[in-house]
Amino acid sequence: MKNFRDELSQRERDVVGDEWAGGLPVQEGRTPRIRVGKNRWFDVLLILPIGFVLLITAIAVAKGLRGMPSVQHFISEYPGLSLPDGAKEHAGLPRWVAWQHFFNMLLMIPIMRAGLSILADHPRLYWHRSSVPGSEWFRMHRAVPPETLYTAKDDSVTLPPGVGLPSRRHSIGLARWWHLSMDSLWLLNGIVFYVLIFVTWQWHRLVPTSWDIFPNALSVAIQYASLNWPIDHPWVGYNALQLLAYFVTVFIAAPLAFITGLGMSPALSTKFKWISRFFSIQLARSIHFFVLLWFVFFIIVHVTLVVATDALHNFNVMYAGNNGHGWGGFIIFAISLAILVFVWVSVTPLTNRHPRIVQRVGFAMVGPFQKLFEHVDSKPGEYTEADISTHFWKNGTYPKSKEYSELYDNNFEDYKLQISGLVENPQELSLADLRALPYHDQITQHYCIQGWSGVAKWGGVQMSTIVDLVKPSPKVKWVVFYSFADGSDGGLYYDAQPIEQMQYHLTMLAYNMNDETLPYGHGAPLRLRNEVQHGFKMVKWIKGIEFVENFSDIGSGWGSYNSDHEFFGYRQSI
Ligand SMILES: Nc1nc2c(c(=O)[nH]1)N[C@H]1C(S)=C(S)[C@@H](COP(=O)(O)O)O[C@H]1N2
Ligand SMILES: [Mo]
């Protein structure tokens, strides 16, 4: 029996530098574009001049409207403020609002930047789960080239410096730690906020309680657009438009961010099949992006208006807890801004210099949730033949070894799958041996961590059949899959999977794809399917399987090639 561990790279990568991901060169994408019709692309940057023209027009129209007696009458009837009972007695913002507002700002920065890095790893958005090239409604890249072996990694783009977190191309492993760990703090902050506003009187400031909110909001819109600011008493209550904007942000956008985030999880999607049938990962990902757009739009307008309307007073109300016009609130604001700027400029260098720390802390914060969602032994039946994607992206680093090409040239006649480790009956199985085992097939959806997805039919042998055959010792906790192919930095691609998932109905070794022999690009002759995990864990071009007690002395000890080299987690159910 061969010892595949010797073929792994033991090199610890400890920084993110030019060698990153096998020296992946910078690849500029394009300015964001939206598809109109079949194949015409609207450059989103055009929104700037168009928006400017619209703004000028809106100002002119609003100024014209305000000259009209009926509009003047409307504005005096609905001046813009719709104060709930008790507003005067409960005037002022408590200190906890100031703190939560600060934490919210602080967390939003790494969340949004890391989110953009994740988007840049598959710079296209679709409505349909099949992610067919050309069907995307949004992209920040050129059209997908027709080369058959073009991979999703080839397709990733570099963001302008300072935008992404981290800013390297294809640094999704680290970006996800930032995104998910800051998300959990942000959710915590949000839950505390929900609880506090509803146990105090504060929710009245954010939840409309009277229908006159709508005419008042219209009135405020006309007043803002005519550059004649509406009456403003932030100490007592927000104007109607402001209140609606806050309501949407707190009670619609924020929960939607959470729900659509979970909607991208392979484990949850295979569990909650009927939801995922219409609420597919790509719909979730697109809506998640709209939530980002809303937040960006909100932040720009919010900050502009805070500064453009009685700035010192506004700062006092928010930060200093007083209704005055002194400099106190501004000073606190300036300090908090300095902290934000410091965080902005230091997170990327910190991540590039200490990626292992980011991985460890991220895993400590998010790992328990990811583990929780792994315990879903899904049953088949989610998709039918009609759902099979017409295009299925390829990904990863192709096998280049002589060993592999000789087997390939001989149609895998001499292929032997070596199954070893802590088992009673080690095996060497040819493809004929594998085909003689009970056949299993399933139509399932693939979730690449980069963001694309697709449905395919996989045929082969369930891992539970293999487990029955080799009889692992009770000590076994992990099952390691070794590939013929190296990873992008050299050394075999491998991945460790929890033993309990090998008993799941949908965990299998596939030698067929869509009723044909598994093609080279998708992992010939044999690849893994484990439907509660992201795609990177499904090793292609498998040459060996080892049952082990732990993986700490395999490779650099982080549980998978991508965890060793690109700081992924070894559990990735979300
Ligand atoms: N040996 C090996 N297996 C691999 C990879 C790789 O780079 N090397 N990439 C993984 C990733 S990131 C994904 S998304 C899936 C893609 O499978 P597909 O090419 O069949 O779509 O394979 C996984 N298996
Ligand atoms: Mo992937």
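Tell me yes or no: at least one residue of the stretch 279-302 is in a loop (DSSP other than H, G, I, E, B) and within 30 Å of ASP377 (Cβ to Cβ).
Taking the stretch 279-302 as the starting set, the residues that turn out to be in a loop (DSSP other than H, G, I, E, B) are 279-280.
Right, trim to within 30 Å of ASP377 (Cβ to Cβ) and you get 279-280.
The answer is yes, given that some residue of the stretch 279-302 is in a loop (DSSP other than H, G, I, E, B) and within 30 Å of ASP377 (Cβ to Cβ).
Just checking, which of THR444, THR390, THR384 is within 32 Å of the chain's Cα centre (by Cα), within 16 Å of ligand 2 (Cβ to nearest atom) and over 30 Å from PRO110 (Cα atoms)?
THR444
Which residue pairs have Cβ atoms closer than 8 Å, lie 6 or more positions apart in sequence or on different chains, and pair a first residue in the stretch 521-541 that is at positive phi and near ligand 1 (Cβ under 7 Å from one of its atoms) with a second residue that is β-branched (Val, Ile, Thr) and in a loop (DSSP other than H, G, I, E, B)?
Here the result reads GLY523/VAL539, each pair linking the stretch 521-541 to a residue that is β-branched (Val, Ile, Thr) and in a loop (DSSP other than H, G, I, E, B).
Residues that are buried (at least 22 other Cβ atoms within 10 Å of the Cβ): find the strands (runs of 3 or more DSSP E) completely inside the stretch 421-530 holding 3 or more of those. Don't jump to the end; show me each part of the working.
Details: elements: 427-429, 440-447, 453-462, 478-486, 492-498, 507-513, 527-530.
In the stretch 421-530, 440-447, 453-462, 478-486, 492-498, 507-513, 527-530 are the strands (runs of 3 or more DSSP E) which contain 3 or more residues that are buried (at least 22 other Cβ atoms within 10 Å of the Cβ).
Mind checking which helices (runs of 4 or more DSSP H) fall wholly inside the stretch 27-146 and carry at least 1 residues that are in contact with a Lys or Arg (Cβ under 9 Å, 6 or more places away or on another chain)?
69-77, 95-121
Check every one of the helices (runs of 4 or more DSSP H) wholly within the stretch 169-252 and list those with 1 or more residues that are closer than 14 Å to LEU305 by Cβ and in the same structural domain as VAL358 (by TED's automatic domain parsing). Spell out how you get there, then give the answer.
Details: elements: 172-199, 213-225, 240-247.
In the stretch 169-252, 240-247 are the helices (runs of 4 or more DSSP H) which contain 1 or more residues that are closer than 14 Å to LEU305 by Cβ and in the same structural domain as VAL358 (by TED's automatic domain parsing).
Spot the failing condition for SER483; the list is (1) away from ligand 2 (no atom under 16 Å from the Cβ); (2) closer than 30 Å to SER389 by Cα; (3) among the polar types (S, T, N, Q), and only one is missed.
(1)
For the list (1) part of a loop (DSSP other than H, G, I, E, B); (2) aromatic (Phe, Trp, Tyr); (3) touching a Pro at 6+ places or on another chain (Cβ under 9 Å), I need the number of the one condition that TYR408 fails.
Every condition holds for TYR408 apart from (1).
Could you tell me whether TYR482 is out of contact with any Lys or Arg (no Cβ under 9 Å at 6 or more places or on another chain) and within 12 Å of ligand 1 (Cβ to nearest atom)?
No; evaluated as a whole, the condition is false for this residue.
Looking only at the stretch 425-461, which residues are out of contact with any helix residue (DSSP H, G or I) (no Cβ under 6 Å at 6 or more places or on another chain), more than 10 Å from ligand 1 (Cβ to nearest atom) and either among the aliphatic types (A, V, I, L, M) or assigned by TED's automatic domain parsing to the domain that holds ARG124 (or both)?
If the condition is that a residue be out of contact with any helix residue (DSSP H, G or I) (no Cβ under 6 Å at 6 or more places or on another chain), more than 10 Å from ligand 1 (Cβ to nearest atom) and either among the aliphatic types (A, V, I, L, M) or assigned by TED's automatic domain parsing to the domain that holds ARG124 (or both), then LEU429, LEU431, ALA432, LEU434, ALA436, ILE443 are the ones that fit.
Going through VAL163, VAL157, VAL144 one at a time, which residue ends up being without any contact (Cβ under 8 Å) to a residue 60 or more places away in the chain, in contact with a Pro (Cβ under 7 Å, 6 or more places away or on another chain) and not assigned by TED's automatic domain parsing to the domain that holds LYS394?
Residue meeting the stated conditions: VAL144.
Do we find a residue being at pLDDT 95 or above, touching a Gly at 6+ places or on another chain (Cβ under 8 Å) and within 14 Å of ligand 1 (Cβ to nearest atom) anywhere in the stretch 131-139?
Yes.
Would it be correct to say that ALA364 is of a type outside the set (S, T, N, Q), part of a helix (DSSP H, G or I), more than 20 Å from LEU185 (Cα to Cα) and free of Cβ contacts under 8 Å to residues at least 60 places away in the same chain?
No; evaluated as a whole, the condition is false for this residue.
Considering only residues of the stretch 148-204 that are more than 16 Å from ligand 2 (Cβ to nearest atom) and small (Gly, Ala, Ser), which is farthest from HIS101 (Cα to Cα)?
Per the stated criteria, the residue is SER167.
Scan the stretch 45-83 residue by residue and report those that are modelled with pLDDT of 95 or more, among the β-branched types (Val, Ile, Thr) and surrounded by 12 or more Cβ atoms within 10 Å (Cβ to Cβ).
Matches in the stretch 45-83: ILE59, VAL61, VAL71, ILE75.
Residue pairs, Cβ under 9 Å, 6 or more apart or interchain, first in the stretch 383-396 and over 18 Å from SER269 (Cα atoms), second away from ligand 1 (no atom under 16 Å from the Cβ). List them.
Sorted first by the residue in the stretch 383-396, then by its partner, the pairs are HIS391/GLY134; HIS391/SER135.
Take ASP515 and decide whether it is away from ligand 2 (no atom under 16 Å from the Cβ) and assigned by TED's automatic domain parsing to the domain that holds GLN418.
yes
Could you run through the stretch 384-405 and say how many residues are away from ligand 1 (no atom under 16 Å from the Cβ), part of a loop (DSSP other than H, G, I, E, B) and of a type outside the set (Val, Ile, Thr)?
Residues flagged as away from ligand 1 (no atom under 16 Å from the Cβ), part of a loop (DSSP other than H, G, I, E, B) and of a type outside the set (Val, Ile, Thr) within the stretch 384-405 amount to 0.
The values are calculated or read from the model by the stated rules, or taken from the named source; none is laboratory data. As the structure is a computational prediction, the values presented were derived from the model and not from experiment. Glycine also receives a Cβ, built like all others from the backbone with ideal geometry; neighbour counts cover every protein chain displayed.
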